[in-house]
1. Give me a count of the residues in region 127-151 that are in a strand (DSSP E or B), in contact (Cβ under 8 Å) with a residue 60 or more places away in the chain and in contact with a Ser or Thr (Cβ under 6 Å, 6 or more places away or on another chain).
2. If you take just the strands (runs of 3 or more DSSP E) that sit entirely in region 213-327, which of them hold at least 1 residues that are surrounded by 12 or more Cβ atoms within 10 Å (Cβ to Cβ) and modelled with pLDDT of 95 or more?
3. Based on this model, can you work out whether SER110 counts as within 16 Å of the chain's Cα centre (by Cα) and polar (S, T, N, Q)?
4. Determine whether ASP175 is surrounded by fewer than 13 Cβ atoms within 10 Å (Cβ to Cβ) and touching a helix residue (DSSP H, G or I) at 6+ places or on another chain (Cβ under 9 Å).
5. All but one of (1) modelled with pLDDT of 95 or more; (2) buried (at least 19 other Cβ atoms within 10 Å of the Cβ) hold for SER119; which doesn't?
6. Go over the candidates LEU170, LEU120 one by one and state the one that is of a type in the set (A, V, I, L, M, F, W, C) and closer than 23 Å to LEU96 by Cβ.
7. Which of the following residues is modelled with pLDDT of 95 or more, acidic (Asp, Glu) and within 29 Å of ILE118 (Cβ to Cβ): GLU63, GLU73, GLU85?
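The values are calculated or read from the model by the stated rules, or taken from the named source; none is laboratory data. Owing to the predicted nature of the structure, the values given are computational and were not obtained by experimental measurement. Glycine gets a Cβ as well: all are built from the backbone with ideal geometry, and neighbour counts include every protein chain shown.
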Amino acid sequence: MNTKRWVAVGVFLGLLFIQLVSYFTIQGDDIGAVSGATWSTKYYKMGTSGTIAILDINGIIQESSESSMFTAETYRHDVFLNQLEYAFTNSDIDGLVLRVNSPGGGVYESDEIYNKIISLREEYDKPFVVYMEQLAASGGYYVSAPADKIYANRNTITGSIGVAMGGINLKELMDNIGVKDNTITSGKNKTIMSSTHEMTSEQERILQEMVDETYDQFLDVVSQGRNIDKNDLRPIADGRVYTARQAKENGLIDEIGMLDDAINEVANMSGLSNPSVVEFVNNDFGFLNAFLSKATNVLASKNTINLKDVEKLADIKSSLPMYLWEQ
């Protein structure tokens, strides 16, 4: 191993040590582990009357999300749903703030969160306010729609009301390099969205109908949540994104402010003068997996093909409908 690689390994080990120290320091502030230590809570602010919970959707809304080397906090769909139910059902929690920083994600996952919020709000009468950080687009807006009020930072990007469904077609490339696909199917549309077959006009029509159906579902969610007639909503729901000011002008959010403004709104709605505020913290070592992956890449030969990178290339576009802002 050459000197540069030894230096790189040393840097990685140093960063790992810092991350471990930071992680356990944060855990020292926890006020209680919940759900088998999958997640816990810590104080954002201590008060004298009642409790408000802050929940986070941070990242792409999907079943699994890659961890960052430098952050243990990543979006985990199953954990978030458990946190959401816990916050609503726990009698010690008087209101909720959902902090969103997401470009959206899967139609299925976004709608699962939405339906969970709707069902819990019907059963438990608790104030529910959304605070949008840097980005709350597409599915990030979808899950925000049923809130009592939506606050956004003045620099928030939101909107992107629409559906995307796509894939990469490699047919021409394969023809150029002499690669043939020998897939045998039971019907002419079995290879729909295949990267190795040209899409027919009939297949485009089939997929467009799917996209239109999920788009109409999105319109229903926003129309009901924001009390905007669907006919008035369609002109502004063409997939474009909005600044916070533009979103407020179009009725997509209620106020421009900071996280504390959203917290104060929940406190006022709950009749609390000085509530404690708690945050949910995921107890996972996802960053360690990221570290090991990066370290492996550093130690690998320059001539080694990383199969995970090849898999990512094939998965750049999802063949499923997505409530996702493509940047």
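1. 4
2. On the way: elements: 241-243, 276-282, 322-324.
Per the criteria, 241-243, 276-282.
3. Working: within 16 Å of the chain's Cα centre (by Cα): yes; polar (S, T, N, Q): yes.
Considered against the rule, which asks whether it is within 16 Å of the chain's Cα centre (by Cα) and polar (S, T, N, Q), SER110 comes out as yes.
4. Against the criterion (surrounded by fewer than 13 Cβ atoms within 10 Å (Cβ to Cβ) and touching a helix residue (DSSP H, G or I) at 6+ places or on another chain (Cβ under 9 Å)), ASP175 does not qualify.
5. Status for SER119: all satisfied but (2).
6. Just one listed residue meets the conditions, LEU120.
7. Just a single option satisfies the conditions, and that option is GLU85.
Yes/no per residue for (1) within 30 Å of ILE54 (Cα to Cα); (2) more than 21 Å from the chain's Cα centre (by Cα); (3) of a type in the set (Lys, Arg):
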{"position": "LYS149", "(1), (2), (3)": "yes, no, yes"}
{"position": "ASN155", "(1), (2), (3)": "yes, no, no"}
{"position": "SER160", "(1), (2), (3)": "yes, no, no"}
{"position": "GLY166", "(1), (2), (3)": "no, no, no"}
{"position": "ASP175", "(1), (2), (3)": "no, yes, no"}
{"position": "ASP181", "(1), (2), (3)": "no, yes, no"}
{"position": "ILE184", "(1), (2), (3)": "no, yes, no"}
